[in-house]
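Trainee: Sharing a structure here in structure tokens format.
The values are calculated or read from the model by the stated rules, or taken from the named source; none is laboratory data. Quick caveat: nothing in here was measured; it's all calculated off a predicted structure. Positions of Cβ are backbone-derived with ideal geometry, glycine not excepted, and every protein chain shown enters the neighbour counts. Side chains included, ligands, DNA and RNA excluded: accessible areas come from the protein's heavy atoms. Shrake-Rupley method; radii C 1.70, N 1.55, O 1.52, S 1.80 Å.
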Amino acid sequence: MKKTDYQYALQPDWQSEVILENTQSKHQHCVTINLADGGGFSELNIEDFTWLLAFSYQSTHKKKQGSIAIVESDDSVVSVFNTQYFESGEEGVRYLNLSGVLNNNAKSVATLVFKHCHMPNYGKLLAFKKPDFSDGPILILAPHADDAELAAYGFYHDFAESTWITTINAGQNVQKLEKQYIPSLDDSMHAAVARKAAIRAWNSMTTPLLAGVPLEQLSSLGYFGLTKNALYDTAKEAQTDPVLAELTPQVSRQWNRIFLPNDLSNKSSGEALVMDLTSLLEQIKPTTVLVTEPEIDPHPEHIMSAHALALAIRESTHTPERVLMYVNHLRHTKTFPYGPEHAKTALPPWFDETSVFGTFSCYSHQLDIATQKEKVVSFDTMHDLRSKPRVGKMLKKWWNKKVLKNGYQYYGDHVYFQTHIKSNEVFTLVDGGVFSEALIGKASP
């Protein structure tokens, strides 16, 4: 059994130790959380908070993921929509997302049904006050086409009219001609690279329309070759694509309705990116900005995007009230969020109780089933998520779904169709000024 404790620099607005009581039920391995006297719990408006239960998890199976279902009573049907999954063959502190399950009408108890994992005896209930996202515009920064959809389609669907989405990178890299979106379409790498950049820009500018985000509030910047180092040490140096030397950001900007400084100079440099993001902040004046979590998400262009935002906040006359951070990539695992489509999820695996940001809050956004299915469609519009089916993979899916009945729907061949179609989208949350100062301070010598 591998022991790993999830650790985060969380700062809840309310917390209390709770006892997990074994109860008699037709369900096996069932416990009840008694919340009635939990340190002022009864005085809280449940729906104003994101709820996490920190507990000691222990798997009982080497291969099957442990699961914990939240039910309203002992006689309730266990539903995938209220079930969260955890690693097989591991033990340690984990966090169960109770958001959207607890409510003001029945807030004295919550019943948990365990499968392939042991029942803990106690836990710690954490509550995080939800922000008021109606207090101003929302700006989502996506390092690449599809990042906004993976992390926050449900979120921006519910705030579509006030949401602006900007895709930073062109995403133009083509491994080889045989790996084009449409095989044999282009017969040179030059043409293939230019076409891929245009297609990904088209994806980023059209998919949010499904959720009702106005076209005027979408933009694609078309940067390439930028790293965190290019922002801090070589900011003025223009990047050149190794295959298509004449490539410029303009290939991605042809549908933009908003004017940005680099529309004229049209070069891919750290300085130009920061100027564009600064202009976006000053034109939109967002109270909320979404960006990738630079401490957890290891993708170099995702890290770079977060630092570019930090630098832009420093340069701008407008500082957002809050920055929400999301994670689309993880080190050493491609299967998180765990479990089948439509299951619950919480914060990603992380093992450090300290953060460059000091402490942060947590926000869980609920997606109803209709929005989750719209999110599936949004993935299908992204060329980068259209994996080619392979015979071995198709047979494995058929065996798991039809014979083992594992509960997966397999909406698409790319793993994101399974991992990122969940009933929650979860973010960490910090003050906008703190985000900028802390990240720049960490990067400065």
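Trainee: Among HIS342, HIS332, which is in a loop (DSSP other than H, G, I, E, B) and open to solvent by 50 Å² or more (accessible area, probe 1.4 Å)?
Mentor: One residue alone meets the criteria, HIS332.
Trainee: For the range 1-15, which positions are outside any loop (DSSP other than H, G, I, E, B) and of a type in the set (D, E, K, R)?
Mentor: Correct list: LYS2, LYS3.
Trainee: Before we move on, is THR371 hydroxyl-bearing (Ser, Thr, Tyr) and surrounded by fewer than 13 Cβ atoms within 10 Å (Cβ to Cβ)?
Mentor: When the stated conditions are applied, THR371 does not pass them.
Trainee: Applying the selection to the range 221-242, what residues are touching a helix residue (DSSP H, G or I) at 6+ places or on another chain (Cβ under 9 Å) and free of Cβ contacts under 8 Å to residues at least 60 places away in the same chain?
Mentor: LEU221, GLY222, TYR223, PHE224, ASN229, ASP233, THR234, ALA235, LYS236, GLU237, ALA238, GLN239, listed by residue number.
Trainee: Within the range 278-300, is there a residue that is among the basic types (Lys, Arg), in a loop (DSSP other than H, G, I, E, B) and open to solvent by 40 Å² or more (accessible area, probe 1.4 Å)?
Mentor: yes
Trainee: Where residues in the range 351-368 are in a loop (DSSP other than H, G, I, E, B) and open to solvent by 60 Å² or more (accessible area, probe 1.4 Å), which of them is nearest to VAL323 (Cα to Cα)?
Mentor: Restricting to residues being in a loop (DSSP other than H, G, I, E, B) and open to solvent by 60 Å² or more (accessible area, probe 1.4 Å), the top hit is THR359.
Trainee: Next question, about the same structure. Give the number of residues within the range 129-153 that are within 22 Å of LEU98 (Cα to Cα) and in a loop (DSSP other than H, G, I, E, B).
Mentor: 3
Trainee: OK, next. Between a residue in the range 307-322 that is within 16 Å of ILE284 (Cβ to Cβ) and open to solvent by 20 Å² or more (accessible area, probe 1.4 Å) and any residue that is hydroxyl-bearing (Ser, Thr, Tyr) and not in a helix (DSSP H, G or I), which pairs come within a Cβ distance under 6 Å, given they are 6 or more apart or on different chains?
Mentor: From the range 307-322, the pairs are GLU321/THR287; ARG322/THR288.
Trainee: Do we find that VAL113 is among the hydrophobic types (A, V, I, L, M, F, W, C), closer than 28 Å to GLN84 by Cβ, in a loop (DSSP other than H, G, I, E, B) and touching a strand residue (DSSP E or B) at 6+ places or on another chain (Cβ under 9 Å) in this structure?
Mentor: The answer is no for VAL113.
Trainee: Hey, among the residues in the range 180-189 that are surrounded by 15 or more Cβ atoms within 10 Å (Cβ to Cβ) and modelled with pLDDT of 95 or more, which one's farthest from PRO242 (Cα to Cα)?
Mentor: Restricting to residues being surrounded by 15 or more Cβ atoms within 10 Å (Cβ to Cβ) and modelled with pLDDT of 95 or more, the top hit is ASP186.
Trainee: Which condition does TYR232 not pass, out of (1) under 30 Å from LEU281 (Cβ atoms); (2) open to solvent by less than 10 Å² (accessible area, probe 1.4 Å), if it passes all the others?
Mentor: (2)
Trainee: May I ask you to list the residues in the range 248-277 that are of a type in the set (Ser, Thr, Tyr) and either part of a helix (DSSP H, G or I) or under 27 Å from the mean Cα position of the chain (by Cα) (or both)?
Mentor: Answer for the range 248-277, where residues must be of a type in the set (Ser, Thr, Tyr) and either part of a helix (DSSP H, G or I) or under 27 Å from the mean Cα position of the chain (by Cα) (or both): SER252, SER265, SER268, SER269.
Trainee: Another one. Determine if the range 156-175 includes at least one residue that is open to solvent by less than 20 Å² (accessible area, probe 1.4 Å) and in a helix (DSSP H, G or I).
Mentor: Taking every residue of the range 156-175 in turn, at least one turns out to be open to solvent by less than 20 Å² (accessible area, probe 1.4 Å) and in a helix (DSSP H, G or I).
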